[in-house]
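The values are calculated or read from the model by the stated rules, or taken from the named source; none is laboratory data. Note that the structure is a prediction, hence the values are computed from the model and not measured. Cβ sites come from the backbone with ideal geometry, for glycine too, and all protein chains shown count toward neighbours.
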């Protein structure tokens, strides 16, 4: 079957609510910073404001540190000067890590966001790699205490961002993916108790996992581990929560896009010299792969046409149907959805699942700051915003997306 001529194109328009939310957030953060610094006058020097916020992170009072982190996040989201990052990179990183180690759930969440923005601002290179290596252990340890959904989601999002920007080896990416996998599917033992994760956490972890997957080369995947991943995501398609189903559908589409299923089937079907193996174990493995793919196709087909039920949210139902229609077409015909996002007077196009997952995750992480940075960064001279280096980071992040 050829690609349908009237293939659905999703358009994400600039929402005035996002703009208002961003302005409101900025005003609040600046007001907080003024109370942190104890000044009554509004200071226009943004470097000075950032310096005050940085100094406030040394304070013992948790609420003071929270206000300072909120102000730093606002500065990064709006107009961060590169000189500040160059001078204070290590100090900001380690103060944020201290907040992750000893802060409240709110402080941890803010610190995670600040670290993620710092990684995006410095872009790929030695500093980004340092952020990753310095952050992995504190984040991993904090995730062992799953006392709060907001904290857990923020930690996972931060790990995804710093890994995406800072990882230089496949092993580093796989390490972060394994940390996330242990949250979803822990290996139970005498000292490990199974914890039922809230749907919001499952959705966040699966989305973050899929986001990191977009950097992986299908040739480096281990078939045994990835069969386990695919089987687990298939079970999530049967969950009651639609956000969990949607995140799992995107993760599976991303796995299939790497060519992993074909690779797994080939590994189980042939020996190193290309001949068909005689052992029952190999034949069973190949049969398992085919059966798993068939099961997922049936699940996807069903979810793309779900009728809904009493009390179900129509918006979520439509999102699910649309997503799984795209996944179904991809699995059957090999075509990923064409997505168009309107930014100002221009459009950003994606044509692969990898590109779409990157874009959606960045929209989620940057929130109200996403449109502003994308609009200035993409529409400015040579696609560079001279006063905001986060735009450069976004260009680095979305380098594979066709404009």
Yes or no: the stretch 111-127 includes at least one residue that is more than 16 Å from the chain's Cα centre (by Cα), touching a residue at least 40 places away in the same chain (Cβ under 8 Å), over 19 Å from residue 358 (Cβ atoms) and assigned to a helix (DSSP H, G or I). yes
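Given 144, 87, 60, which one is under 30 Å from residue 195 (Cα atoms), surrounded by fewer than 18 Cβ atoms within 10 Å (Cβ to Cβ) and modelled with pLDDT of 85 or more? Break it down stepwise before answering.
Working: 87 fails: under 30 Å from residue 195 (Cα atoms); 60 fails: under 30 Å from residue 195 (Cα atoms).
One residue alone meets the criteria, 144.
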Please work out which one of (1) within 22 Å of residue 181 (Cα to Cα); (2) not in a helix (DSSP H, G or I) is the condition residue 163 fails and give its number. (2)
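Checking the conditions here, which among 329, 284, 262 is out of contact with any helix residue (DSSP H, G or I) (no Cβ under 7 Å at 6 or more places or on another chain), modelled with pLDDT of 90 or more and assigned to a helix (DSSP H, G or I)? Write out each step before concluding.
Numbers: 284 fails: modelled with pLDDT of 90 or more; 262 fails: modelled with pLDDT of 90 or more.
The match here is 329.
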Residue selected from the stretch 128-138 under the condition surrounded by fewer than 22 Cβ atoms within 10 Å (Cβ to Cβ) and closer than 25 Å to residue 86 by Cβ, by the criterion nearest to the chain's Cα centre (by Cα): 136
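Quick grid of which residues meet (1) out of contact with any strand residue (DSSP E or B) (no Cβ under 8 Å at 6 or more places or on another chain); (2) assigned to a loop (DSSP other than H, G, I, E, B); (3) under 18 Å from residue 327 (Cα atoms); (4) at pLDDT below 90:
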{"site": "226", "(1), (2), (3), (4)": "yes, no, no, yes"}
{"site": "234", "(1), (2), (3), (4)": "yes, no, yes, no"}
{"site": "250", "(1), (2), (3), (4)": "yes, no, yes, no"}
{"site": "253", "(1), (2), (3), (4)": "yes, no, yes, no"}
{"site": "295", "(1), (2), (3), (4)": "yes, no, yes, no"}
{"site": "306", "(1), (2), (3), (4)": "yes, yes, yes, yes"}
Name the one entry in 15, 40, 45 that is under 22 Å from residue 370 (Cα atoms), surrounded by fewer than 19 Cβ atoms within 10 Å (Cβ to Cβ) and at pLDDT below 85. 15
